[in-house]
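To start, the structure under review is shown below, and the notes come after it.
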Amino acid sequence: MTASVPRSRCFIHVTLRDGQPLAGARIAVEQASGPVPELMYQTDADGHAQIGLPTGEVRLRIFTASGESRSVDINVGAEPDKTYDVTIDPP
């Protein structure tokens with residue numbers, strides 16, 4: 001028996017505190033309310049990445065190009081295609 005966990009397509013927008021988009025950042029899902037694929041996602045030139053996430057609290061780990069990482073929490077709603085803005089301190 002396998003269980004299916006519905007996931008919503010989400011867009012994560014990563015910026016630095018000064019508003020500059022963080023291009024090339026890698027994102028991993030550390031914790032979620034349901035299973036998610038163990039993949040790394042990478043932001044584009046505008047700091048965006050697309051990820052399918054279950055609803056509820058999600059902890060993301062964001063890795064900068066310099067190898068440093070930050071952990072951030074977001075609350076994912078059921079609406080599809082929502083953008084979640086994440087701001088981190090510069091590396």
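The values are calculated or read from the model by the stated rules, or taken from the named source; none is laboratory data. From a predicted model like this one, the values you see are computed outputs, not experimental measurements. Counting neighbours? That spans all protein chains shown, and the Cβs are built from the backbone with ideal geometry, glycine included. Quick note on the areas: whole protein, heavy atoms, side chains included, nothing else; ligands and nucleic acids left out. Shrake-Rupley method; radii C 1.70, N 1.55, O 1.52, S 1.80 Å.
List of remarks:
- Residue in region 35-50 that is exposed (fewer than 13 other Cβ atoms within 10 Å of the Cβ), acidic (D, E), modelled with pLDDT under 95 and over 16 Å from P90 (Cα atoms) present: yes
- Filter result (exposed (fewer than 12 other Cβ atoms within 10 Å of the Cβ) and of a type in the set (D, E)) within region 51-91: D73, E79, D81, D85, D89
- Hits in region 64-79 - residues which are within 13 Å of T15 (Cα to Cα) and at pLDDT below 95: T64, R70
- Filtered residues of region 2-17 (kept if touching a residue at least 60 places away in the same chain (Cβ under 8 Å) and either open to solvent by 90 Å² or more (accessible area, probe 1.4 Å) or acidic (D, E) (or both)): R9, R17
- Residue tally, condition without any contact (Cβ under 8 Å) to a residue 12 or more places away in the chain and under 19 Å from R7 (Cβ atoms), over region 38-91: 2
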